[in-house]
Amino acid sequence: MQTTFTAAQLADPHVAESEAILRKCVHCGFCTATCPTYVTLGNELDSPRGRIYLIKDMLENGRAADEEVVTHIDRCLSCLACTTTCPSGVDYMHLIDHARIHIEETYRRPLKDRLVRAVLAAVLPYPSRFRLAMRAARLGKPLAGALKRIPFLKTFGVMLDLAPPSAAPASDSTRPGKRPAKTEKRGRVALLTGCAQPVLKPGINEATIRLLTRLGIEVEVSAGEGCCGALVHHMGREEQALVSARRNVDVWTRAIDDGGLDAIVITASGCGTTIKDYGHMLRLDPLYAEKAARVSALAKDVTEYLATLDLPRLEPKRVSVAYHSACSMQHGQKITMAPKLLLKAAGFTVRDPAEGHLCCGSAGTYNILQPEISATLKARKVKNIEATKADIIATGNIGCITQIATGTAIPILHTVELLDWAYGGEKPEGISALS
Amino acid sequence: MPDKIAFLPPKKSVLDRRDIIVADLSDLLPKGCLVSEPRGLVPFETDAFIAYRNVPLAVALPETTAQVAAILKYCSRYDIPVVPRGAGTSLSGGAIPQSDAVVIGLSKLSRILDVDYANRTATVQAGVTNLNISEAVSADGYFYAPDPSSQLACTIGGNIGMNSGGAHCLKYGVTTNNLLGVKLVLFDGTIIDLGGKALDAPGLDLLGLVCGSEGQLGIVTEATVRLIAKPEGARPVLFGFQSSEEAGSCVAEIIGTGIIPVAIEFMDKPAIEICEAFAHAGYPMDVEALLIVEVEGSEAEMDAMLASIIAIAGRHGVSTIRESQSANEAALIWKGRKSAFGATGRIADYICMDGTVPLSQLSYVLRKTGEIVARHGLRVANVFHAGDGNMHPLILYNINDPEDAARAEEAGNEILKLCVDAGGCLTGEHGVGIEKRDLMLHQFAQVDLDQQMTVRAAFDPHWIMNPSKVFPLEGRPAA
C-alpha cells in the first residue's frame, strides 16, 4: 500500500523496516477472517488490517500513541494467525513489535495499567519471585471474587483466578549442568528452563530430559540462562527484553564453544518464537548480531528436534488426543505437522479440533490484561476441543495449558509428556484413569 | 494522464452537523458499535481498491436488522449518504466511503441462522463469510457453490452486492443463480423480504434486481442461499502450455465442444511464479501458461471427461499434464490460485481488471492486453476464470510513484474498453464500484443508463445509498 514517510523518518532503521513491511500489504483483507479478535468483536479496528492502518497512520505522522490506537493494539493477541493467512507475506510480527515499542515510549498509561504491567514485568520473568507470588496467590485465592468487583483491582483478581491450586517445589530439572546420555550418545543440546514454566509445570522439562537422555542425547542446562524476554517484549519494554536476549545469547554461545550444540531445545513455543527472533531483535547491535543469529538458528521446539531423531513407530494405544496447536507453534514458528506425527507414531489417536487456527486467549499475559476477550476465546476453544471427545488434550505451550485447564475437565498435557510416557517413561500425573 | 475518478462533493450541510450526527447515531446503537474518533475512522477509508481513499464521517457497526433500519431511517431523514461495507475486500472500490458518508459495516451480523437440508438452503446474516457457509455444512456433505478467491474473508452481503463469481461458477453459476431470498432494508428503514427458499418466487423478480445492485437499492441483512451436495470426487488437473495463445484457444475449444468442467482457471508465467512463492503448490515452472481444470463426479465420470479434455489440449500444444495425487495437493493448487491477488503484493502493487470477453476472443484480448501494458512501460500478470471468459489482468505498478499509478490506471481503462469492443463487458464479478464508473458510457448508451437510474430511483429517490458509485456523475437526474 501507499506510504508517505519522509527521508528523515526513513533514516531510523526501525521506521525503515516498518515501511518495507507496510509496502507489502495490498489491503486484501484476508487476514481479518482468521483474526481471533475480529471474529469475536466484528470491528475492523480489531483486525490485523485495521491495526496495520492505525500503525501506519501513527508512524507516518510521527505522532505519539493515543488512547484510540493503544486500545486496538493492546487487543492484539500477537497470535500471528494473520501471518499464516497473509498471501503477500506482510511481516506483521515485527510491525506490531515496533508499534508496541512506540507506545511504550510515547504513551502514558493510566495508573492502574502501569501498576499491573510493572508487577507482571517485575515478577513473571523471575522464577524465584514468581514462585513466591504463586504461594501468596494461593493464600489470596478466596479474595479473587471480591477483588474482581473493584474496578481498580479487577486485574489482580483475574491473576488470582489463574494461579493453580497447588504448586510444585523447585525442580531438579532447572539445576545447571549436564545430564549425560543414557544410551549411546548421538547428540548434545541445551534445554531452556525459562521462567514461568518450571514454576507452574516442572514436569514438562523433567519429561524432556528423561526422554532425550534415553534417546542418547546429552542435555545441558546452561548456567545463567533465564527468561527469553518474550513477556516484556510483548509489552513493548524492549530494553528489558534485550537484556534477557543478550544474557541468553552469551550463555548459549559459551555452550556452543564448549562442546558444540546440535540444538537449543525449547519446550514452550511462546519462548521458541522469541528465541528464533533473537537474530532479528539484536540485528543492529554489532557486538551481538552474529552471535544472536547463530543462537536463533539453533533454536528448536522440542518436537521439531525429536522429529530429527527417527523415533520408532509404536503399537496403537487406545488413547485419543486432541492436539491443540499453540499459536506460537503453528503461526509463530510454522510448526504444524511434527507434533502430530510424533504423537501418531507413538500410538496415540490424534484428533484436530475445529477452528484450530484460533487462539485460546492465553497469549502470554493477555488473559490477565484482556480478560473478557480472553474468556470468550477460551470458551470457544474449549467447545471445539470437547467436541472431539478426546481423552487427553496435548499442546506445546505452558500458556495454553494454564488457560485451557481452567475451562475443561479433560486433562491437558504437554506433547513431550505423552511422548516420554509412550517411549518408556512414567505415566504423567492426572491421566491415571487411562490405559 | 487520466483524471482521478471524482467522488460526489461532500454535502456541507452534513459535514457541518457531524457532531450532532455522531451523537444521534450513538443513541441508535449499543456501546462499542460506533466508530467516530478521527484516528479510528482512517482504517475504513478504503477497501481492496487502495488507489482511492476517503475517510468517512462515522462507521456504524450494527448488531441487528432493526439497528440497520434505524440508521437508514435517520440518514434518509437528514439526507446523509450511506456506504455499506462487508469485509471491505472489493477490488472495484465498492466499499470506499465518501467524506460525508456514514459507513454501515455488517461485520457484527455474522451468525448462521438456519440450515435446512430438506430444502437444501442456509439462511445467514449478511456479515457471514462466504467460506463460513460451506464450512458449516461441509461435514454433512454440502457446500455453497460460488467461491470468489477472497471467499475466506468476503461476506455474503458483499457477494450479493457485487453478484460475485468464482472459480467454480463455470458449472454452478454465480451468486444470483444460488441466491433464493434476502431480507432487505430500504433507504427509509423499511424492512422487506424478497424471495424465499425456492428457486423462483411469485411477483416481480426483485431479488434478481437486488443481486448485483452494489448497495444502491438497499442493505441486505440476511440471505437464504442454495446448498449443493458435494460431488463424489473432484480432481484439479494442471495443463501447461508454451504460450498464452495456445492455452486460450484450448479453453475456447473445450467450452465450444460442450464440455463443462467445474472450473477452468488460467495463469500466465508471472502469475504462476507469484502463486508458487506463497502456496508451494508445485505448479510447473517451465511453461508460459497454465490451466487448472477441475473435473468432478465418480471416478469413471472424471476419467471420461478428462480424456476428452486431454485430447483437446493435445491439439493445442499442451506440454505438461499433471493430475493432483492427493486431497492435500488439490488444496494447495487451489490455495495458490485463490491467493493470487494478495500474493502479488510480494512483488508489486497492482490493480486488478475484471473484463469479460467471448471465449473466441480470449487469445486476441490476452495478446492485446500484453501490448497495452507494455506500451505503458508496466508489467502484467494474468490469472483468471478462463472458462467464463472472465479476465483478471493484474497491472503491476508502484503506488508510491504517482506517474506509475496514473499509467496503470490508463492501461486499465484501455484494457476494459478493449474487452467491451471485443463483445464483452466491463465487469464479470467485481462490480463497477468507483473503478469502472466512468467507463459505463463505453458499455451503455445514455438512454440505457437513464433506464437503470429510473429503476434505482424507485428504491432510493434521494440517492443516499452508495451514491458515488456505478453511474457516471454526469448525466444523472437532477437531485
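The values are calculated or read from the model by the stated rules, or taken from the named source; none is laboratory data. Note that the structure is a prediction, hence the values are computed from the model and not measured. Note that we place each Cβ from the backbone using ideal geometry, even for glycine, and neighbour counts take in every protein chain shown.
Residues in segment B:338-348 that are touching a strand residue (DSSP E or B) at 6+ places or on another chain (Cβ under 9 Å) and crowded, with 24+ Cβ neighbours inside 10 Å: 3 in all.
Considering (1) more than 11 Å from every other protein chain (Cβ to nearest Cβ); (2) in contact with a Pro (Cβ under 8 Å, 6 or more places away or on another chain); (3) hydrophobic (A, V, I, L, M, F, W, C), the lone condition that residue A:10 does not fulfil carries the number (2). Checked against (1) within 11 Å of chain B (Cβ to nearest Cβ); (2) touching a residue at least 12 places away in the same chain (Cβ under 8 Å), residue A:96 meets all criteria but (1).
Do you know which residues across segment A:402-435 are of a type in the set (A, V, I, L, M, F, W, C), within 22 Å of residue A:363 (Cα to Cα) and outside any loop (DSSP other than H, G, I, E, B)?
Filtering segment A:402-435 for residues of a type in the set (A, V, I, L, M, F, W, C) gives A:404-405, A:409-410, A:412-413, A:416, A:418-419, A:421-422, A:431, A:433-434.
Next, from what is left, pick out any that are within 22 Å of residue A:363 (Cα to Cα): A:404-405, A:409-410, A:412-413, A:416.
Residues satisfying the conditions are A:404, A:405, A:412, A:413, A:416.
Listed by position, the strands (runs of 3 or more DSSP E) contained in segment B:98-189 that have at least 3 residues being within 14 Å of another protein chain (Cβ to nearest Cβ) are B:102-105. Of the residues making up segment B:308-330, not a single one is touching a helix residue (DSSP H, G or I) at 6+ places or on another chain (Cβ under 7 Å) and within 13 Å of chain A (Cβ to nearest Cβ).
A quick yes/no check of all residues on (1) touching a strand residue (DSSP E or B) at 6+ places or on another chain (Cβ under 8 Å); (2) of a type in the set (Ser, Thr, Tyr); (3) assigned to a loop (DSSP other than H, G, I, E, B):
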position	(1), (2), (3)
B:3	no, no, yes
B:13	no, yes, no
B:32	no, no, yes
B:46	no, yes, yes
B:51	yes, no, yes
B:79	no, no, yes
B:83	yes, no, no
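Among the residues of segment B:154-174, is there at least one that is over 20 Å from residue A:33 (Cα atoms), among the β-branched types (Val, Ile, Thr) and crowded, with 19+ Cβ neighbours inside 10 Å? Among the residues of segment B:154-174, at least one is over 20 Å from residue A:33 (Cα atoms), among the β-branched types (Val, Ile, Thr) and crowded, with 19+ Cβ neighbours inside 10 Å, which makes the answer yes.
One residue stands out among those in segment B:441-479 that are acidic (Asp, Glu) and assigned to a loop (DSSP other than H, G, I, E, B): the one that is modelled with the highest pLDDT, which is B:460.
For the residues A:389, A:383, the requirement of being in a helix (DSSP H, G or I) and basic (Lys, Arg) singles out A:383. Taking each residue of segment B:246-275 that is outside the structural domain of residue B:320 (by TED's automatic domain parsing) and in a helix (DSSP H, G or I) and looking for partners that are surrounded by 24 or more Cβ atoms within 10 Å (Cβ to Cβ) and at pLDDT 95 or above with beta-carbon atoms closer than 6 Å, six or more apart or interchain, yields nothing. Reported count of residues in segment B:192-226, each being over 17 Å from residue B:458 (Cβ atoms), touching a residue at least 12 places away in the same chain (Cβ under 8 Å) and in a loop (DSSP other than H, G, I, E, B), is 5.
In segment B:390-403, which residue that is buried (at least 19 other Cβ atoms within 10 Å of the Cβ) and more than 15 Å from the chain's Cα centre (by Cα) is nearest to residue B:250 (Cα to Cα)? Applying the filter and picking the extreme gives B:395.
The criterion of being modelled with pLDDT of 95 or more, within 14 Å of chain B (Cβ to nearest Cβ), under 22 Å from residue B:47 (Cβ atoms) and outside any helix (DSSP H, G or I) does not hold for residue A:82. Check whether at least one residue in segment A:336-356 is in contact with a Ser or Thr (Cβ under 7 Å, 6 or more places away or on another chain), closer than 18 Å to residue A:48 by Cα and either outside any helix (DSSP H, G or I) or touching a residue at least 24 places away in the same chain (Cβ under 8 Å) (or both), and report yes or no. No, every residue in segment A:336-356 fails to be in contact with a Ser or Thr (Cβ under 7 Å, 6 or more places away or on another chain), closer than 18 Å to residue A:48 by Cα and either outside any helix (DSSP H, G or I) or touching a residue at least 24 places away in the same chain (Cβ under 8 Å) (or both). When A:63, A:108 are screened for being within 11 Å of chain B (Cβ to nearest Cβ), out of contact with any Phe, Trp or Tyr (no Cβ under 8 Å at 6 or more places or on another chain), part of a loop (DSSP other than H, G, I, E, B) and at pLDDT 95 or above, only A:63 passes.
This table checks each residue for (1) out of contact with any Ser or Thr (no Cβ under 7 Å at 6 or more places or on another chain); (2) assigned to a helix (DSSP H, G or I); (3) not small (Gly, Ala, Ser).
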position	(1), (2), (3)
A:240	yes, yes, yes
A:243	yes, yes, yes
A:247	yes, yes, yes
A:250	yes, yes, yes
A:253	yes, yes, yes
A:256	yes, yes, yes
A:261	yes, no, yes
A:264	yes, no, yes
A:272	no, yes, no
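The residues listed here are B:346, B:379; of these, the one that is touching a residue at least 60 places away in the same chain (Cβ under 8 Å), more than 21 Å from residue B:239 (Cα to Cα), of a type outside the set (Phe, Trp, Tyr) and more than 11 Å from chain A (Cβ to nearest Cβ) is B:379.
As for segment B:249-256, it holds no residue that is touching a strand residue (DSSP E or B) at 6+ places or on another chain (Cβ under 7 Å) and closer than 19 Å to residue B:144 by Cα.
When A:180, A:165, A:151, A:176 are checked against the criterion of being exposed (fewer than 14 other Cβ atoms within 10 Å of the Cβ) and closer than 18 Å to residue A:402 by Cα, A:165 stands alone in meeting it. Going by the conditions given, is residue A:69 within 10 Å of chain B (Cβ to nearest Cβ), crowded, with 19+ Cβ neighbours inside 10 Å, β-branched (Val, Ile, Thr) and more than 30 Å from residue B:280 (Cα to Cα)? For residue A:69, the condition - within 10 Å of chain B (Cβ to nearest Cβ), crowded, with 19+ Cβ neighbours inside 10 Å, β-branched (Val, Ile, Thr) and more than 30 Å from residue B:280 (Cα to Cα) - is met. Within segment A:20-30, is there a residue that is part of a loop (DSSP other than H, G, I, E, B), modelled with pLDDT of 95 or more and within 27 Å of the chain's Cα centre (by Cα)? Yes, segment A:20-30 contains a residue that is part of a loop (DSSP other than H, G, I, E, B), modelled with pLDDT of 95 or more and within 27 Å of the chain's Cα centre (by Cα).
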